[in-house]
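These notes are about the structure you will find just below.
Bear in mind that the values in this text are calculations on the coordinates, not laboratory data. Please read all numbers here as calculations on a predicted model, not as lab measurements. Here the Cβ positions follow ideal geometry from the backbone for every residue, glycine too, while neighbour counts run over all protein chains shown.
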Amino acid sequence: MLKEECGVFGIYNSDVAAQLTYLGLYALQHRGQESAGIISYNKTNDVFHAKKGNGLVSRVFDKNDLKELIGMSAIGHVRYSTTGEDNNINIQPLMVKCVKGTLAIAHNGNLTNSKELYDELRQNGAIFQTTLDTEVVLHLVAKSKKEKLEDAIVDALTKIKGSFSMVFLTKNYVIAARDAHGVRPLVLGELNEQYVVASETCALDLIGAKYVREIEPGEVLFISKYGLKSRRFAEKEKKLNHCIFEYIYFSRPDSILFGQSVYEIQKKLGARLAQESPADADLVIAVPDSGNSAAIGYSEKSHIPFEIGLMRNHYIGRTFIQNSQIAREIGVKIKLSPIKHVLKGKKVIVIDDSLVRGTTSKKIVKMLRKAGAKEIHLRISSPPYKHSCFYGVDTPSVEHLVAHNNSVKDIQEYLGVDSLAYISLDGVLDIVTEKQLLKSDDFCTACFSGDYKIPLYSLNKLGKGVLEKK
Ligand code: SF4
């Protein structure tokens, strides 16, 4: 399985700013479960407050933390590490005091020119506290020749490349910025005439905010007591590069992404899969939760009944036996368990959204066989994942991607399934462009096609941030 990326949230001028940020992070929890953090600003006594920690949002913050996060503006972050190591110093949002003022930042994405910038900054005397590419941005702001903090932020944004959806907090503003290719999502909402920004619309829904629009690729949006002020740090790229995998895997089905319902897209992917790769079976089941919508689509199209064949335990978080021998033996069973009553003696179509290393799927197949499934036909609602992502998703290096060097037939044998099929890339592109809101060319498909439209600059082959090699 892939590891999720990150989620960001920001709110300006609310007397419950920290509480709403906390709720926003709850809604974005699927985008990162390693750590969470909130920074708020209290104008009354001119103090920034921060609380960050490892683990799920529910574990990091308690009632008292939220009381102490005083202030009318706040930003928050949930994280799965894509660059930098997983340790406390790397938990976002990051905050610095520089000559232009105090500044906090939360980032979703991956900078593709961080190595050059890092080397240059260090040669000029910069001292880095973390191993995050995000910290490069703070140094660029501090070193900018622009005097005003807000102008320095815009200046810094012109120097970074790659994928980034960012929120900043200063004394006077909450600021949202999105890279010129629009790789990762970032949306604007409105709540009681105040503005909110979030990685996904599901965070707006939870707090009762109305969806206004996306932050435009290349736009930096300043939210202050004067309302909204939009500036551009880059022209919107002619070649947009929206992550197509956001539809398939990352975003929550109840979100609206790049103008379209994620649930609707996922269901259509399932239906297309049924059309492209039918199978003779008694029932369709999903690998929950991310395979659910596609499985419903497959079932509807094929007229084969949908059943719940696997149950997911949602309450695991970070188990203390995670790295022990016991955990390895139990493996996927901690998260998923089969419903024997449903599976026994049945020919089953199993829908999953992705096949990355293949190790988890192999365990699931074994589990289904043990539960009595007579035949297993695995259908994947993404094309073969053959190439690493360098734009903010923590993917293994190519040699660990099962589809990189193996044929579908080989993978089928490795997994021990009766048949295996993936949706075609053309099929996915047909669906995401069906409404003609976007063209095929507006999407990044690099992990399937190998076509990296944003230059990779100095990133190493592992798809890891180069800072961590230092
Ligand atoms: Fe998304 Fe894949 Fe492109 Fe990464 S390489 S941004 S996961 S489509």
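Within straight-line reach of Lys63, meaning a Cα separation under 23 Å, sit the following lysines at least 8 residues removed in sequence or on another chain: Lys43, Lys51, Lys52.
Order the peptides 296-303, 18-25 from the highest to the lowest mean number of other Cβ atoms within 10 Å of their residues. Let's see the in-between values first.
Details: 296-303: 20.1, 18-25: 25.1.
Packing order, densest peptide first, comes out as 18-25, 296-303.
Would you please classify the overall shape of segment 173-271 from the alpha carbon gyration tensor, given that a ≥ b ≥ c denote the square roots of the eigenvalues, rounded means a/c under 1.5, and beyond that prolate means a/b larger than b/c while oblate covers the rest? Taking the square roots of the gyration eigenvalues as a ≥ b ≥ c, segment 173-271 is oblate. Phi angles of segment 105-121 translate, via the Karplus equation with coefficients 6.51, -1.76, 1.60 and θ = phi - 60°, into HN-Hα couplings of 9, 10, 9, 10, x, 8, 7, 8, 10, 5, 4, 4, 5, 4, 4, 5, 5 Hz per residue; Gly and Pro are given as x. Averaging the Cα positions of each part gives two centres, and for segment 356-410 and segment 165-184 these lie 35 Å apart. So what's the gap between the Cα centers of segment 16-44 and segment 77-144, to the nearest angstrom? Taking the Cα centre of segment 77-144 as reference, the centre of segment 16-44 is 19 Å away.
Can you bin segment 4-69 into rounded, prolate or oblate? Criterion: square roots of the alpha carbon gyration tensor eigenvalues sorted a ≥ b ≥ c, rounded for a/c under 1.5, prolate for a/b above b/c, oblate for the rest. Prolate, because a/c is 1.5 or more and a/b exceeds b/c. About its Cα centre, the chain has a charge dipole of approximately 760 debye under the convention of +1 per Lys or Arg Cβ and -1 per Asp or Glu Cβ, with nothing else charged.
Where Lys and Arg each count +1 and Asp and Glu each count -1, what net charge lies around Glu307 among other residues with Cβ under 13 Å from its Cβ? Intermediate values should be presented prior to the final figure.
Numbers: positive: Lys340, Lys344, Lys346, Lys347; negative: Asp282.
Surrounding charge for Glu307 is +3.
The distance linking segment 201-255 with segment 264-283 is 30 Å (Cα centroid to Cα centroid, whole angstrom).
Quick one: grab the alpha carbon gyration tensor of segment 262-442, order the square roots of its eigenvalues as a ≥ b ≥ c, and give me rounded if a/c is under 1.5, else prolate or oblate depending on whether a/b is larger than b/c. It is oblate, given that a/c is not under 1.5 and a/b is not larger than b/c.
Loop only per DSSP, at most 16 neighbouring Cβ atoms within 10 Å: give me the chymotrypsin sites (Phe, Trp or Tyr not before Pro) in segment 353-461, ordered by residue number.
Working: sites: Tyr385, Phe390, Tyr391, Tyr414, Tyr422, Phe443, Phe448, Tyr452, Tyr457; in loops: Tyr385, Phe390, Tyr391, Tyr452, Tyr457.
When the chymotrypsin sites (Phe, Trp or Tyr not before Pro) of segment 353-461 are filtered for loop state and at most 16 Cβ neighbours within 10 Å, Tyr457 remain.
On the principal axes of its alpha carbon atoms, the chain extends 70, 46, 44 Å, with the longest extent given first. For the cross-link pairs Lys161/Lys267; Lys239/Lys268; Lys267/Lys333; Lys229/Lys267; Lys146/Lys439, the ones whose C-alpha atoms lie over 29 Å apart are Lys161/Lys267; Lys229/Lys267; Lys146/Lys439.
Kirkwood Rh, segment 4-241, all Cα pairs: how many Å?
Numbers: mean 1/r = 0.0579 Å⁻¹.
Its Kirkwood hydrodynamic radius stands at 17.3 Å.
Using θ = phi - 60° in the Karplus curve 6.51 cos²θ - 1.76 cosθ + 1.60, the 3J(HN,Hα) couplings for segment 21-34 round to 5, 4, 5, x, 5, 4, 5, 9, 4, 4, 8, x, 10, 7 Hz; x is entered for Gly and Pro.
For segment 289-295, 3J(HN,Hα) computed residue by residue from phi via the Karplus equation (6.51, -1.76, 1.60; θ = phi - 60°) reads 8, 6, x, 4, 5, 5, 5 Hz, glycine and proline entered as x.
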